[in-house]
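Have a look at the structure below before the remarks.
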Amino acid sequence: MFLHIVEACLLTAGSAYLLGSLLFGVLVSKIMYKDDVRQHGSGNAGMTNVLRTYGKLPAVLTTIGDVGKSVVAVKLGQFIFDSLLSGTGADFQPLLQPICGAYLAAIFCMLGHSKPVFFGLRGGKGVLVGAGAALATEPIACLVLLVIFLVEVAITHIVSLGSIIIAALYPVLTLCYWLWKGTDAASLVFITVCCVLMGTYVIWLHRSNIQRIRDGKEYRFGQKHKSN
């Protein structure tokens, strides 16, 4: 059983990391503008920087791509865990439920997005990747987080603050969701640890934004961007 778990984890982590390394912000900027969005604004490959630099259509395409790759990675991780850990006999009770593969995939998809092997380890901050993972695994929690995010942005116009808030709330809502679903203890611990790691990682990637928020210098949505 231990070898099956190791195999499932390695396959899930590797495939999710490679999918995460597909940076749609960079791909969109290169295909549409023969440019690299990372050379502008914040230097990130995320949707917010694409929106500031190129406008709404490229930002929408980036959102679809980054959310989509996360959904694919999560579903693939769940399939791998289901295939390798649930098919060894009628009397076999897997230690971890297949959904655990989805959350492991989410972590490594986020890691690939922030440190992409295909783009010189310079990527984005993983918020849309987390959103895609939440959408694929717990749509109710995803909807709650989306509402919180939209309300925060409507009030403060600071996108990064909304991202930080939902990153902090994500593990809490996920824990509540899977407790409500009656998930077994081992899987619940695994899922919660994964979500805490993801939330912490997103907040850590926003550390420069946190400092700018403290200094009152953070970019506000709709504010005209100053070129470097």
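The values are calculated or read from the model by the stated rules, or taken from the named source; none is laboratory data. None of the values given here were measured: they were computed from a predicted structure. When we count neighbours, we look across all protein chains shown, and the Cβ atoms used for this are built from the backbone with ideal geometry, even at glycine. Just the protein is used for accessible areas: all its heavy atoms, side chains included, with ligands, DNA and RNA removed. Shrake-Rupley method; radii C 1.70, N 1.55, O 1.52, S 1.80 Å.
Scanning the range 120-145 for residues that are touching a Lys or Arg at 6+ places or on another chain (Cβ under 8 Å), open to solvent by 10 Å² or more (accessible area, probe 1.4 Å) and part of a helix (DSSP H, G or I) yields a count of 1. Among the residues making up the range 37-51, those that are touching a Lys or Arg at 6+ places or on another chain (Cβ under 9 Å) and open to solvent by 40 Å² or more (accessible area, probe 1.4 Å) are 40, 42. Evaluate the range 156-164: report whether one residue or more is without any contact (Cβ under 8 Å) to a residue 24 or more places away in the chain and surrounded by fewer than 19 Cβ atoms within 10 Å (Cβ to Cβ). No.
With respect to the numbered conditions (1) touching a residue at least 40 places away in the same chain (Cβ under 8 Å); (2) in contact with a helix residue (DSSP H, G or I) (Cβ under 7 Å, 6 or more places away or on another chain), which one is the sole condition not fulfilled by residue 52? All conditions pass for residue 52, except number (2). Within the range 170-194, residues that are closer than 24 Å to residue 13 by Cβ and without any contact (Cβ under 8 Å) to a residue 24 or more places away in the chain reach partners that are open to solvent by less than 80 Å² (accessible area, probe 1.4 Å) and of a type in the set (Phe, Trp, Tyr) with beta carbons closer than 6 Å, at six or more positions or on different chains, in the pairs 188/178.
Inclusion of residue 65 among residues that are at pLDDT 95 or above, small (Gly, Ala, Ser), under 23 Å from residue 202 (Cβ atoms) and open to solvent by less than 30 Å² (accessible area, probe 1.4 Å) is warranted. Remark: residue 149 matches the filter, which requires a residue to be of a type in the set (Phe, Trp, Tyr), open to solvent by 40 Å² or more (accessible area, probe 1.4 Å), out of contact with any Asp or Glu (no Cβ under 7 Å at 6 or more places or on another chain) and within 28 Å of residue 56 (Cβ to Cβ). Scanning the range 120-128 turns up no residue that is closer than 23 Å to residue 179 by Cα and touching a His at 6+ places or on another chain (Cβ under 6 Å). Of note, residue 17 satisfies the criterion of being at pLDDT 95 or above, of a type in the set (Phe, Trp, Tyr) and either surrounded by fewer than 24 Cβ atoms within 10 Å (Cβ to Cβ) or in a loop (DSSP other than H, G, I, E, B) (or both).
For every residue, the table says whether it meets (1) of a type outside the set (Phe, Trp, Tyr); (2) buried (at least 19 other Cβ atoms within 10 Å of the Cβ); (3) under 15 Å from the mean Cα position of the chain (by Cα).
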site: 172; (1), (2), (3): yes, no, no
site: 178; (1), (2), (3): no, yes, no
site: 181; (1), (2), (3): yes, no, no
site: 185; (1), (2), (3): yes, no, no
site: 196; (1), (2), (3): yes, no, yes
site: 205; (1), (2), (3): yes, yes, yes
site: 209; (1), (2), (3): yes, yes, no
site: 214; (1), (2), (3): yes, no, no
